[in-house]
Amino acid sequence: MSEGDRADDPAEVGRRGWPEGVRPITWDDTTHLGVGNDGRLYWDGKAVEVARTFRLSFWQVAFAALTVLAAVVAAGAAVVSAWADLQALP
């Protein structure tokens, strides 16, 4: 099969950009899939787990901390303002 023929094959079109060794699933492969009573997806009886982690840079953490601090100060100011308004009532 030439490179041009591959581009016309629908099974190959979905493969562009896929990591090496990854292939489309076939109907026969679906017999490996299962769903447990807990609603989790299983492949050959083993739970399928997807985990994505990320790390924030120092500056992202610093900015997030400053944002939280500003929110806490604003909430405190709102409480003090409401308390002062209550004290001013006759």
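Given the condition surrounded by 10 or more Cβ atoms within 10 Å (Cβ to Cβ), part of a helix (DSSP H, G or I) and modelled with pLDDT of 85 or more, answer yes or no: does some residue in the stretch 28-44 qualify?
Within the stretch 28-44, one or more residues are surrounded by 10 or more Cβ atoms within 10 Å (Cβ to Cβ), part of a helix (DSSP H, G or I) and modelled with pLDDT of 85 or more.
Can you tell me which condition ARG52 does not meet? The list is (1) loosely packed, with under 10 Cβ neighbours inside 10 Å; (2) at pLDDT 85 or above; (3) not in a loop (DSSP other than H, G, I, E, B), and all the others hold.
If we test ARG52 against (1) loosely packed, with under 10 Cβ neighbours inside 10 Å; (2) at pLDDT 85 or above; (3) not in a loop (DSSP other than H, G, I, E, B), just (3) comes out false.
Being part of a loop (DSSP other than H, G, I, E, B), out of contact with any helix residue (DSSP H, G or I) (no Cβ under 6 Å at 6 or more places or on another chain), surrounded by 10 or more Cβ atoms within 10 Å (Cβ to Cβ) and modelled with pLDDT of 90 or more, is that true of even one residue in the stretch 62-84?
For the stretch 62-84, residues part of a loop (DSSP other than H, G, I, E, B), out of contact with any helix residue (DSSP H, G or I) (no Cβ under 6 Å at 6 or more places or on another chain), surrounded by 10 or more Cβ atoms within 10 Å (Cβ to Cβ) and modelled with pLDDT of 90 or more: absent.
The values are calculated or read from the model by the stated rules, or taken from the named source; none is laboratory data. These numbers come from a predicted model, not from an experiment. Reconstructed Cβ throughout: ideal geometry from the backbone, glycine too, with neighbour counts over all protein chains shown.
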